[in-house]
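FYI, it's all coordinate maths here, none of it is from the lab. What you see is a predicted model; the values in this text were computed from it and never measured. FYI the Cβ positions are ideal-geometry reconstructions off the backbone, even for glycines, and counts take in every protein chain you see.
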Amino acid sequence: GSVAWAKSFGGSGGDFGNSIATDSSGNTYTTGYFIGTVTFGSTTLTSKGSYDIFVAKLG
C-alpha cells in the first residue's frame with residue numbers, strides 16, 4: 001500500500017513511544033515517555049526532572 005500520512009514528534013532528550021490505539025470514533029492515541037522537552041504540534045511538554053509520561057490524541 002501507500003502512505004496515507006506521516007507525522008513526527010520529538011524533543012530535546014529521549015522520546016519513546018509505547019502504544020498506539022484507536023477508539024470507536026476513529027481517533028488515534030499514543031502513549032510513551034520522554035525526558036527534557038517533547039513537542040506535539042504547537043504543544044510543548046517539559047519533564048519534571050526524570051522521565052515523564054505522555055498521552056497524546058493525534059489528528
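So if R0 is 35 Å, what FRET efficiency would Asn18 and Ser42 give, r being the distance between their Cβ atoms, rounded to the nearest 0.05? List each step's numbers first, then the result.
Working: r = 23 Å, r/R0 = 0.66.
The calculated FRET efficiency here is 0.90.
With the cut-off at 1.5 for a/c, could you classify the chain from its C-alpha gyration tensor as rounded, prolate or oblate? Write out the running numbers ahead of the final one.
Values: a/c = 2.24, a/b = 1.77, b/c = 1.26.
Verdict is prolate for the chain.
Going by average Cβ density within 10 Å per residue, which order do the peptides 18-26, 43-51 take, highest to lowest?
Numbers: 18-26: 8.4, 43-51: 11.7.
The peptides rank, most packed first, as 43-51, 18-26.
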### Task
Would you mind calculating the relative contact order of the chain from Cα pairs under 8 angstrom and at least 6 residues apart, reporting the percent as a whole number?
32
